[in-house]
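The values are calculated or read from the model by the stated rules, or taken from the named source; none is laboratory data. Since this is a predicted model, take the numbers as computed values, not measurements. Here the Cβ is made from the backbone with ideal geometry for all residues, glycine too, and neighbour counts use every protein chain on show.
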Amino acid sequence: MFPYIQIARPDHWFKNVFMLFGVVLALFYRPELFHSPELMLACGKTILIGLAAVCLIASSNYVINEILDAPTDRSHPSKCHRPIPSGKVKLPIAYVEWILLGAVGLAISWKLNQPFFYSGLALLVMGVLYNVPPIRTKEWIYLDVLSESVNNPLRLLLGWYLILPDQVPPLSLLISYWMVGAFFMATKRFAEYRWINDPERAAAYRKSFRWYTEESLLISMFVYAVASALFLGVFIVRYRLELILSFPLLAGFYGYYLYVGLKPNSAVQNPEHLYREKGLMVYLVLCMAVFIVLMFWNIPGLYEYFNVTPPDVESLWKM
């Protein structure tokens, strides 16, 4: 059974932690939950169930990805040892696994609420569009990055709808979340392209590499980073000016991630191995902590200094 567990990639489930950002954002609009232990307990159970559903849906996408990428994975220096290219998995059973994981994940999602279910369905559909011919967006230059990174705002929506199923999160933040995901994904592509170091072999492994170059990937990374910062700025001015204090840290994180991406055989090629970059992990935790504190901590003087109208939403604490 181990190869079938491997192709579901449970080691990639940590990526679903991105949905917890949607939970934190939604809690900002429901501070009353913190004053009721019963509501907090019920909320915690809902979050755990929702996280399990998203992990199953994500694993369904990973299985179909493993199945359909097997022919090209044989041209990759390390991915050729994956369970399917190395012949350890029977394809009919793998297809059943793909359908079963997706169906169970959606069934759990339906039990929670409809917006969460439709967001989970969108995550599953994007996995199909990304992997399955004739569309197979992973083979199209730039679209490969944008279609895979759209899973970031979908995860934010999933976390949000666990707390606020009757409201929609700010569009500016969704777009920013999408673009930062595109920056991460383009950096991953850049690191892969440099590591393979052979355009023909790279194109055999991933068709989009036929048109990519190191220069075009670097330029796209710059564009995605700027777009992410722009839309985050819109969100900050409109909804939470206190977050402007986190900008130096966030800008530094972009630079740190790029620094890691430029390393030979960089860990960004396999995000599940990023924990090995201890400095990056510490910096990420620091950024998240500052971001969360500023989400819930009012600093009225900032609004006077920047001449911005404070939002209507009350936060948990005030400076």
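Structural remarks
- The range 207-232: number of residues that are farther than 30 Å from C80 by Cβ and either at pLDDT below 95 or surrounded by 16 or more Cβ atoms within 10 Å (Cβ to Cβ) (or both): 6
- Considering residues of the range 163-206 that are crowded, with 17+ Cβ neighbours inside 10 Å and among the basic types (K, R) only, the residue modelled with the lowest pLDDT: R206
- Test for L121: is it free of Cβ contacts under 8 Å to residues at least 24 places away in the same chain and within 17 Å of the chain's Cα centre (by Cα): yes
- Checking each residue in the range 246-298 for being in a loop (DSSP other than H, G, I, E, B) and surrounded by fewer than 16 Cβ atoms within 10 Å (Cβ to Cβ) picks out L262, K263, P264, N265.
- Residue check for L173: farther than 20 Å from L294 by Cβ and part of a helix (DSSP H, G or I): no
- Residue in the range 223-231 that is among the hydrophobic types (A, V, I, L, M, F, W, C) and part of a loop (DSSP other than H, G, I, E, B) present: no
- Any chance E148 is over 18 Å from the mean Cα position of the chain (by Cα) and of a type in the set (D, E): no
- Within the range 84-105, considering residues that are among the aliphatic types (A, V, I, L, M) and crowded, with 19+ Cβ neighbours inside 10 Å, the one nearest to S60 (Cα to Cα): L101
Results for (1) of a type outside the set (V, I, T); (2) surrounded by fewer than 20 Cβ atoms within 10 Å (Cβ to Cβ), shown as yes or no for each residue.
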{"site": "V125", "(1), (2)": "no, yes"}
{"site": "V132", "(1), (2)": "no, yes"}
{"site": "W140", "(1), (2)": "yes, yes"}
{"site": "N151", "(1), (2)": "yes, no"}
{"site": "R155", "(1), (2)": "yes, no"}
{"site": "G159", "(1), (2)": "yes, no"}
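- Within the range 35-62, tally of residues that are surrounded by 20 or more Cβ atoms within 10 Å (Cβ to Cβ), within 15 Å of N113 (Cα to Cα) and not small (G, A, S): 1
- Unique match (being closer than 21 Å to M185 by Cα, β-branched (V, I, T), modelled with pLDDT of 90 or more and more than 14 Å from the chain's Cα centre (by Cα)) among I47, I64: I64
- Qualifying residue in the range 164-178 (condition: of a type in the set (D, E, K, R) and under 17 Å from F18 (Cα atoms)): no
- Test: residue in the range 223-238 that is in contact (Cβ under 8 Å) with a residue 60 or more places away in the chain and either in contact with a strand residue (DSSP E or B) (Cβ under 8 Å, 6 or more places away or on another chain) or small (G, A, S) (or both): no
- For the range 20-37, the tally of residues that are farther than 18 Å from D166 by Cβ and in contact (Cβ under 8 Å) with a residue 24 or more places away in the chain stands at 4.
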